[in-house]
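Enquirer: My questions all concern the structure below.
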Amino acid sequence: MSHSVQDLRVSLIQGDTLWRDPVANRAMYAELARPLAGRTDLVLLPETFTSGFCNEAIATAEGMEGPTVDWLKAQAAALDAAVTGSVQIRDGGEVYNRLLWATPDGALHWYDKRHLFRMAGEHQRYAAGARRLTVAWRGWRVCPLVCYDLRFPVFCRNGFSREVDGRFDYDLLLFVANWPIARQHAWRILLQARASENLCYVAAVNRVGKDGNGNAYHGDSMVVDFLGQPLVDLAEQPMVVTACLSAAALAEHRQHFPAQLDADRFQILD
């Protein structure tokens with residue numbers, strides 16, 4: 001990353017997602033996002049933000065031509081920002097926990113959650129993704145992942161090109177989640193570890209409230225810098241917060257602490 005790249009404004013929308021009510025959830029998250037128009041570059045919504053983390057929602061999973069994809073594109077255009085979050089999507093006979101990434105120009109990218117949470121039976125109902133997504137956005141390279149992926153550092157690992165231009169795979173690692181309060185401590189520690197070990201910023205949004213299965217969520221949405229230090233650290237209430245990420249500070253840290261030069265080479269297999 002060059003010192004000349006502009007800083008990136010990242011907004012976390014930590015909401016109390018309604019249980020299996022896509023219409024009401026789209027309306028709620030649109031209202032929470034409305035004040036961000038023209039004031040942010042990237043908006044994060046929680047995992048399965050139209051339904052909550054509900055295996056039964058598979059029966060009503062939308063297709064890529066469904067209302068939530070159109071809604072995300074409309075939000076990106078209205079906010080003049082990239083907007084991302086995950087929903088259940090039926091595609092090619094399978095249902096995925098699919099992170100959608102919409103930008104103001106109408107473009108859409110997606111990533112299918114690779115690590116399915118077997119303790120809740122997600123692996124029995126959903127198809128797993130295979131490859132990471134990295135997107136370029138306003139001079140930054142961003143890698144968006146979903147919830148349980150956080151526990152797998154090899155899959156999260158930031159690559160570095162020695163041969164070409166010294167470029168990292170990404171500058172910002174994202175996580176959208178429904179991470180219950182019972183494992184709150186792990187959430188916080190792992191977010192800080194992923195940032196420090198990958199020489200990058202991490203932004204992560206979690207939901208709050210209680211879902212239809214009785215699971216409670218504390219939020220703890222965070223933005224963490226490349227030293228593993230929280231820049232934003234939310235409590236358990238519904239909140240919308242924007243953090244400004246310094247491109248110059250990240251570039252300087254990578255220059256003066258080039259741990260990537262001693263990193264082991266590896267390859268992630270499908």
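Enquirer: Based on Cβ point charges of +1 for Lys and Arg and -1 for Asp and Glu, what charge dipole magnitude is obtained for the chain about its Cα centre, in debye rounded to the nearest 20?
Expert: 260 debye
Enquirer: Provide the net charge surrounding TYR111, with neighbours chosen by a C-beta distance below 10 Å and charges set as Lys +1, Arg +1, Asp -1, Glu -1.
Expert: Taking every Cβ under 10 Å from that of TYR111, the sum is +3.
Enquirer: So, one more: Skipping prolines and chain starts, which residues have an amide H placed within reach, meaning under 5 Å, of the one on VAL95, given they are 5 or more residues away or on another chain?
Expert: Here the answer is ALA127, since their amide H atoms fall under 5 Å of that of VAL95.
Enquirer: What is the order of CYS200, CYS244, fewest Cβ neighbours within 10 Å to most?
Expert: Final ranking by Cβ density, sparse to dense: CYS244, CYS200.
Enquirer: At what distance in angstrom do the alpha carbon centres of region 181-199 and region 81-152 lie from each other?
Expert: Comparing the Cα centres of region 181-199 and region 81-152, I get a distance of 19 Å.
Enquirer: Okay, helix-only estimate at 222 nm for the chain: each DSSP H run of n ≥ 4 adds -39500 (n - 2.57), divide by all residues, round to 500 deg cm²/dmol; what do you get?
Expert: My calculation for the chain gives -6000 deg cm²/dmol from helical runs alone.
Enquirer: Can you give the angle from 0 to 90° between the axis of helix 247-256 and the longest principal axis of the chain, with both taken from C-alpha atoms, to the nearest 10?
Expert: Approximately 50 degrees, to the nearest ten.
Enquirer: Still on this structure: For a label point 7 Å from the Cα of ASN55 along Cα→C-beta, name the residues of region 121-147 whose backbone N is under 15 Å from it.
Expert: 121-128
Enquirer: Kindly put SER2, SER11 in sequence by how many other C-beta atoms sit within 10 Å of each C-beta, fewest to most.
Expert: Going from least to most buried by this count: SER2, SER11.
Enquirer: Report, largest value first, the span of the C-alpha coordinates of region 96-178 along each principal axis, in whole Å.
Expert: Here the spans come out as 42, 32, 19 Å, largest first.
Enquirer: For region 1-131, report the % of Cα-Cα distances exceeding 17 Å.
Expert: Of all Cα-Cα distances in region 1-131, 58 percent exceed 17 Å.
Enquirer: Please list the non-local residues whose amide H lies under 5 Å from the amide H of LEU231, H modeled 1.01 Å from N, same-chain partners needing a gap of 5 or more.
Expert: Amide H neighbours of LEU231, under 5 Å, 5+ apart: VAL223, VAL224, ASP225.
Enquirer: On to the next question. Distance from a point 7 Å along Cα→Cβ of MET239 to each backbone N in region 67-87: keep the residues under 13 Å and list them by number.
Expert: none
Enquirer: Pull up the DSSP beta bridges for the chain and report the antiparallel fraction as a percent, rounded to 5.
Expert: Taking every DSSP beta bridge with both residues in the chain, the antiparallel ones total about 65 percent.
Enquirer: If you don't mind, another one. Run through all the Cα pairs of region 29-93 and give the fraction in each 5 Å bin from 0, expressed as whole percent.
Expert: In order of increasing distance, the bins hold 4, 17, 27, 22, 15, 10, 5, 1 percent.
Enquirer: Continuing with the same structure: Dimensions of the chain along principal axes (Cα, Å, largest first)?
Expert: Reported extents, whole Å, longest axis first: 50, 39, 35.
Enquirer: Here's something else I'd like to know. Amide H to amide H under 5 Å from LEU245: which residues, 5+ apart in sequence or cross-chain, H placed 1.01 Å off N in plane?
Expert: LEU8, ARG9, VAL10
Enquirer: In degrees between 0 and 90, to the nearest 10, how far off the longest principal axis of the chain does helix 184-197 point, with axes built from Cα atoms?
Expert: Taking Cα atoms only, the helix is inclined about 30 degrees.
Enquirer: If you don't mind, another one. With angles folded into 0 to 90 degrees, how steeply does helix 22-33 sit against the dominant principal axis of the chain? Use alpha carbons for both and round to 10.
Expert: For helix 22-33, the angle is close to 40 degrees.
Enquirer: Could you check which residue among ALA82, ALA247, ALA186 shows the biggest mean-square fluctuation in a GNM of the chain with a 10 Å Cα cutoff?
Expert: Comparing ALA82, ALA247, ALA186 in the GNM, the peak value goes to ALA186.
Enquirer: Counting each pair of different Cα atoms once, what's the Kirkwood radius of region 150-270 in Å, rounded to one decimal?
Expert: About 15.5 Å for region 150-270.
Enquirer: Between Rg and the Kirkwood Rh of region 3-49, both from Cα atoms, what is the Rg to Rh ratio?
Expert: Using Cα coordinates only, the ratio equals 1.09.
Laboratory data are not the source of any read-out in this text; all were calculated from the coordinates shown. Keep in mind that what you see is a predicted model, and the values were worked out from it rather than measured. All Cβ positions, even for glycine, are placed from backbone atoms using ideal geometry, and neighbour counts span all protein chains on display.
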